[in-house]
Amino acid sequence: MLNVLVLPSGCGAGISDRPCPRVTEFPAELQRQAVIELATAPALARMMDAMAADRAFNEAICG
């Protein structure tokens, strides 16, 4: 499932004013299985890489 964060353009609120998105944690075994499956799904791997970058950004902002 993909989480989508929509920021309206032109609004006056700064990044610190937005709510922090929820981040779902997955068990290690499920993550290992996903790595194996992503090896045969390059488009999905690209999407997951983008989501990982979003997660890192949100963790930096939200702590």
> Which residues, counting only those in region 2-19, are exposed (fewer than 11 other Cβ atoms within 10 Å of the Cβ), modelled with pLDDT of 60 or more and either touching a Cys at 6+ places or on another chain (Cβ under 6 Å) or not in a helix (DSSP H, G or I) (or both)?
Replying inline: P19
> In region 24-63, which residues are among the β-branched types (V, I, T) and in contact with a Cys (Cβ under 9 Å, 6 or more places away or on another chain)?
Replying inline: I61
> If the Cβ limit is 9 Å and pairs must be 6+ apart or interchain, which residue in region 42-63 that is free of Cβ contacts under 8 Å to residues at least 40 places away in the same chain pairs with which residue that is of a type in the set (G, A, S) and open to solvent by less than 70 Å² (accessible area, probe 1.4 Å)?
Replying inline: M48/A34
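Within region 40-63, can you find the residues that are part of a loop (DSSP other than H, G, I, E, B) and either modelled with pLDDT of 90 or more or open to solvent by less than 80 Å² (accessible area, probe 1.4 Å) (or both)?
First, the residues of region 40-63 that are part of a loop (DSSP other than H, G, I, E, B): 40-41, 63.
Answer for region 40-63, where residues must be part of a loop (DSSP other than H, G, I, E, B) and either modelled with pLDDT of 90 or more or open to solvent by less than 80 Å² (accessible area, probe 1.4 Å) (or both): T40, A41.
The values are calculated or read from the model by the stated rules, or taken from the named source; none is laboratory data. Since we're looking at a predicted model, the values are computed, not measured. Because the Cβ atoms are built from the backbone with ideal geometry, glycine has one as well, and the counts that use them run over all protein chains shown. Heavy atoms of the whole protein, side chains included, go into the accessibility calculation; ligands, DNA and RNA do not. Shrake-Rupley method; radii C 1.70, N 1.55, O 1.52, S 1.80 Å.
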